Amino acid sequence: MLSPGDMQVERSPAQEAARRICATVFARLRPRTPLPSIEVEFCRFANPDSYIHHSPGCLRLRLTDMLEGGPAPILEALLFILLGKLFRKPVPDLYARRYRAYFNRREVRRSVNLLRQLRGRKFVSDPLGAHYDLEAVFEELNARFFNGLLGRPRLGWSRSRSRTTLGHYDPSHNSIIISKLLDSPSVPRLTLEYVLFHEMLHLRFPARQHGPWRRVHTRELRQAERAFPHLKEAKNLLKGLCSPAL
């Protein structure tokens, strides 16, 4: 009788390459530990995410298919990061920089955004909240600060009342999401206006590439933000709103 352990696993060239790189990285991080079996799967994730799972005698890698057949140095950097976190081993900054620089390349960022559009689902609630209407606030800010020239993206409130992420602009889905925490009569309108204005600036001033780094808060964005009236007051209100004492 043929047992499952006797069967030879068929791997694609990309899987075999990733498996060999993983084995090399594992040996460097844990030189006195026997090499476990290594399973590699390239997955159609909506984001360029990768995961590692360790069980006795086995490592299972679920890697973004954006790296299937990708450059060996980038796979090596990713596996140093994944295995380093798994085994709590220090990873040289070289690998984090290499991996970040690769995904910050303009053509790679373009591919990531396209994948998010095609595969990802973006939850965007109704812009009309219990107390504030995001579309009305957007149009007012658009007229005051952008001469009405900004195209309106999808607007919505977050699922939860997040205190850590009060707003974010998602260029992949052309949407601005504002924390439901701000949709309250106890939250001054100035606070909501500032958060939404800041996200509108991301729409007006897209992230720029600077060498291997991607700058989200560009100099132009920071300069334009200073035009917001009562900026200091708005930031102080946000500090109070996000205080753990609340």
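The values are calculated or read from the model by the stated rules, or taken from the named source; none is laboratory data. These numbers come from a predicted model, not from an experiment. Using ideal geometry, Cβ is built from the backbone for each residue, glycine included, and neighbour counts are taken over all protein chains shown. All accessible areas refer to the heavy atoms of the entire protein, side chains included, with ligands and DNA or RNA removed. Shrake-Rupley method; radii C 1.70, N 1.55, O 1.52, S 1.80 Å.
Looking for something touching a residue at least 24 places away in the same chain (Cβ under 8 Å), surrounded by fewer than 18 Cβ atoms within 10 Å (Cβ to Cβ) and within 22 Å of Leu241 (Cα to Cα) - is there at least one such residue anywhere in the stretch 112-126? Within the stretch 112-126, none of the residues are touching a residue at least 24 places away in the same chain (Cβ under 8 Å), surrounded by fewer than 18 Cβ atoms within 10 Å (Cβ to Cβ) and within 22 Å of Leu241 (Cα to Cα).
Yes or no, residue by residue, for (1) buried (at least 18 other Cβ atoms within 10 Å of the Cβ); (2) in a loop (DSSP other than H, G, I, E, B); (3) modelled with pLDDT under 90:
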| site | (1), (2), (3) |
| --- | --- |
| Tyr194 | yes, no, no |
| Phe197 | yes, no, no |
| Leu201 | yes, no, no |
| Gln209 | no, no, yes |
| Arg214 | no, no, yes |
| Glu233 | no, no, no |
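Matching residues to (1) outside any helix (DSSP H, G or I); (2) without any contact (Cβ under 8 Å) to a residue 12 or more places away in the chain; (3) in contact with an Asp or Glu (Cβ under 8 Å, 6 or more places away or on another chain):
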site: Glu135; (1), (2), (3): no, no, no
site: Asn147; (1), (2), (3): yes, yes, no
site: Gly156; (1), (2), (3): yes, no, yes
site: Ser162; (1), (2), (3): yes, no, no
site: Leu181; (1), (2), (3): no, no, no
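As a summary of the residue check, Val91 satisfies the conditions (1) farther than 30 Å from Val216 by Cβ; (2) outside any helix (DSSP H, G or I) except for the one numbered (1).
Taken over the stretch 17-35, the residue count meeting the criterion of being over 22 Å from Asp65 (Cβ atoms) and either more than 31 Å from the chain's Cα centre (by Cα) or among the charged types (D, E, K, R) (or both) is 7. Number of residues in the stretch 175-193 that are under 16 Å from Glu140 (Cβ atoms) and either among the hydrophobic types (A, V, I, L, M, F, W, C) or in contact with a Leu (Cβ under 8 Å, 6 or more places away or on another chain) (or both): the value is 8.
Might you check whether a residue that is touching a His at 6+ places or on another chain (Cβ under 8 Å) and in a helix (DSSP H, G or I) occurs anywhere in the stretch 221-231? For the stretch 221-231, residues touching a His at 6+ places or on another chain (Cβ under 8 Å) and in a helix (DSSP H, G or I): present. The set of residues from the stretch 132-189 being surrounded by fewer than 19 Cβ atoms within 10 Å (Cβ to Cβ), hydroxyl-bearing (Ser, Thr, Tyr) and more than 16 Å from the chain's Cα centre (by Cα) comprises Ser160, Ser162, Ser184, Ser186.
Counting the residues of the stretch 27-82 that are open to solvent by less than 70 Å² (accessible area, probe 1.4 Å) and in a helix (DSSP H, G or I) gives 16.
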